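Below: one structure, written as C-alpha cells.
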Amino acid sequence: SDLTFGARTMTPHIAQATTSFSRQLLAQSTVDVEALVREDLAKVHALGIDAAAINGTGNTNQPLGLLGTVGVNAVYISGDTYNSGNGEVPTYAAICDLETAIATANADEDGMKFLTTPGMRGKLKKVGKLDSAYASIPLWDQWGNAPGVGDLIGYQAYVSNQVPSTLTQGTTHTCHAIIFGYWPTLVIGEWGVLELIVDPYSLKKQGMIEVTSFQMVDVMLRQPAQMAAIQDATLS
C-alpha cells in the first residue's frame, strides 16, 4: 500500500531559571564563578526538560510528556485498566508484557531500552524470574561491564530520578513508572539556544549580580506505539 504521512505540531514552552552571586565572590573566588553559574543553570534546564519529556502534564506551560501521550502502550500489573486496582510489585510477566505490547503494534526496533526509578531498580534486583527453575536469578541483572546499567529480559536498563515514583493507582499513591521502548522516537524540539541574561542592576544595593536563563522547548513522540509503560509498580 502507499505510504501514509501525517503532521505533528510542536509549540514552544518557556523554561526559566534564576540565580545570583555576589560581586565580592566574583572578585575574590579562585573558581571561575561565571562558568560555574552557567553550568548550574544548564543542568537545571536539562533536568527540567528530562522531567517534562517523561511526565510533563501538558498544562501550566508544561509540555505533554511520554507517560501522558495517547498511543503509548499501557501495561498494568494490577488489572486490565488504569485505576482498576492498587499498585503491585512488578512481575517477570509484566516486564515481558511491555515487550509484547510494542511487538504486537509492529513497532519494535533494534536498540530498545528500559528506564525506571533508582528505587525500582533496587526492587527488581530482589524479584526473581517467573520460572521456578530460575527463581534465584533477579529480574534486574548486570549488563556486561557497564556499572549501573542493568539487563531486563535481554535489554539494557537505566534509571533516573526524573521518572516519577508518586503515581496514583487506586488507593496507592507511591507507584513507580517502568518505561520501555525505542527512545529515538522521543523528540525534544528547541527554538534557539539556552539564553542567559545578566542583570547587575536589580540587586545592586545587595551587591549581587542576577543571572536568568531562558529556553523554549517542546516534546513529541513520533511513533507513540514504539513506547510502553507500567505506571502501577510499587516497592512492596
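The values are calculated or read from the model by the stated rules, or taken from the named source; none is laboratory data. No experiment lies behind these values; they were computed from the predicted model shown. With ideal geometry, Cβ positions are generated from the backbone for all residues, glycine too; neighbour counts draw on all protein chains shown. Heavy atoms of the whole protein, side chains included, go into the accessibility calculation; ligands, DNA and RNA do not. Shrake-Rupley method; radii C 1.70, N 1.55, O 1.52, S 1.80 Å.
Once the 1.4 Å probe is applied to the protein heavy atoms, the chain comes out at 56 Å² accessible per residue.
Between Ser1 and Ile137, residue separation times 0.36 nm minus the direct Cα-Cα distance comes to 44.4 nm. The H on the amide N of Gln156, modeled in the peptide plane, is under 5 Å from the matching H of Phe114, each at least 5 residues off or on a different chain. Surface composition of the chain: carbon plus sulfur atoms hold 51% of the accessible area, using a 1.4 angstrom probe and ignoring ligands, DNA and RNA.
Taking label positions 7 Å along the Cα-Cβ direction at both Thr91 and Thr166, the computed distance is 3.0 nm, reported to one decimal. If R0 equals 45 Å, the separation of the Cβ atoms of His173 and Met216 corresponds to a calculated FRET efficiency of about 0.85.
So what's the net charge close to Lys126: Lys and Arg +1, Asp and Glu -1, counting the other residues with Cβ under 15 Å from its Cβ? Neighbourhood net charge equals +2.
Using the alpha-carbon positions of region 132-224, Rg (one decimal) and Dmax (whole number) come out as 21.7, 72 Å. Annotation: lysines with alpha-carbon distance below 29 angstrom to Lys129 (same-chain offsets under eight excluded): Lys113.
Taking other residues whose beta carbon is less than 13 angstrom from the beta carbon of Gly154, and scoring Lys, Arg as +1 and Asp, Glu as -1, yields -3. Partners of Lys43 within straight-line reach, counting aspartates and glutamates whose Cα lies under 17 Å from its Cα and excluding those fewer than 8 residues away in the same chain: Asp32, Glu34, Glu190, Glu195. Derived from the Cα gyration tensor, the three semi-axes of the equivalent ellipsoid of region 1-59 are 41, 13, 9 Å, largest first. Highest mobility in the GNM of the chain, judged by mean-square fluctuation with C-alpha springs under 10 Å and restricted to Asp50, Asp218, Asp199, is found for Asp199.
Taking all Cα pairs closer than 8 Å and separated by 6 or more residues, the relative contact order of region 11-91 comes to 18 percent. Count Lys and Arg as plus one, Asp and Glu as minus one, and take only other residues whose Cβ is under 14 Å from that of Gly71; the net charge is then +2. The share of alpha-carbon pairs in the chain lying farther apart than 33 Å comes to 32%. Legend: calculated FRET efficiency, Ser22 to Leu47, from the Cβ-Cβ distance at R0 = 35 Å, rounded to 0.05, equals 0.90. In the complete set of protein chains, residue-level accessible area for Cys96 is approximately 30 Å², probe 1.4 angstrom. Extension gain for the segment Glu39 to Ala103, taken as residue separation times 0.36 nm less the Cα-Cα distance, is 19.0 nm to one decimal. Each label was represented as a point 7 Å from its Cα along the Cα-to-Cβ direction; for Ile188 and Lys126 these points are 3.2 nm apart.
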